[in-house]
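To keep things clear, I will list the structure first and then write my remarks on it.
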Amino acid sequence: MVIGDGILTPALSVSDEKHLRSIKWQYMVLDEAQAIKSSQSIRWKTLLSFKCRNRLLLTGTPIQNNMAELWALLHFIMPTLFDNHEQFNEWFFERVLFLK
């Protein structure tokens, strides 16, 4: 198994999935991360399944439509901290409503 670091684009990750899956990633830097803002997408699921120690997302537009997009990105980089979308929604909205 190859150990590596790399900067990936979401399109590359799906097209070269077989090769990229064989790499034990130390660091994965994903450019154009807004392309994985949906937790239902094949790209998101494919990239999340790669063995990886550290992940970094680069994007100019992290949220465009709703909080589910933010959760998908946060879960991708910190899956054990943001492991449940429903709990994230409850926590987030509870904090926002409390501040009003």
Quiz item: Once label points are set 7 Å from the Cα along Cα→Cβ at both residue 40 and residue 86, what is their separation, rounded to one decimal in nm?
Solution: 1.7 nm
Quiz item: For the chain, max minus min Cα coordinate along each principal axis, in Å, sorted largest first?
Solution: 51, 23, 20
Quiz item: If you take the charge dipole of the chain about its Cα centre, with +1 on Lys and Arg Cβ and -1 on Asp and Glu Cβ, which of 42, 66, 14 is farthest toward its positive end?
Solution: 14
Self-check item: Vicinal HN-Hα couplings computed from phi for the range 59-69 (Karplus, 6.51 cos²θ - 1.76 cosθ + 1.60; Hz; Gly/Pro x)
Solution: 7, x, 9, x, 10, 10, 10, 7, 6, 4, 5
Quiz item: Which value in deg cm²/dmol, rounded to the nearest 500, describes the helix-derived mean residue ellipticity at 222 nm for the chain, given -39,500 (n - 2.57) per DSSP H run of n ≥ 4 and division by the residue count?
Solution: -12500 deg cm²/dmol
Self-check item: Size of charge dipole - the chain - debye, nearest 20, with Cβ of Lys, Arg +1 and Asp, Glu -1, no other charges
Solution: 240 debye
Quiz item: Fewest to most neighbouring Cβ within 10 Å: what's the order for 76, 88?
Solution: 88, 76
Quiz item: Can you list residues whose amide H is under 5 Å from residue 55's amide H, if they're 5+ apart or on another chain and H is modeled 1.01 Å from N?
Solution: 28
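Quick note: the coordinates plus some simple rules give every number you see, no bench work behind them. Keep in mind it's a predicted model, so treat the numbers as computed, not measured. All Cβ positions, even for glycine, are placed from backbone atoms using ideal geometry, and neighbour counts span all protein chains on display.
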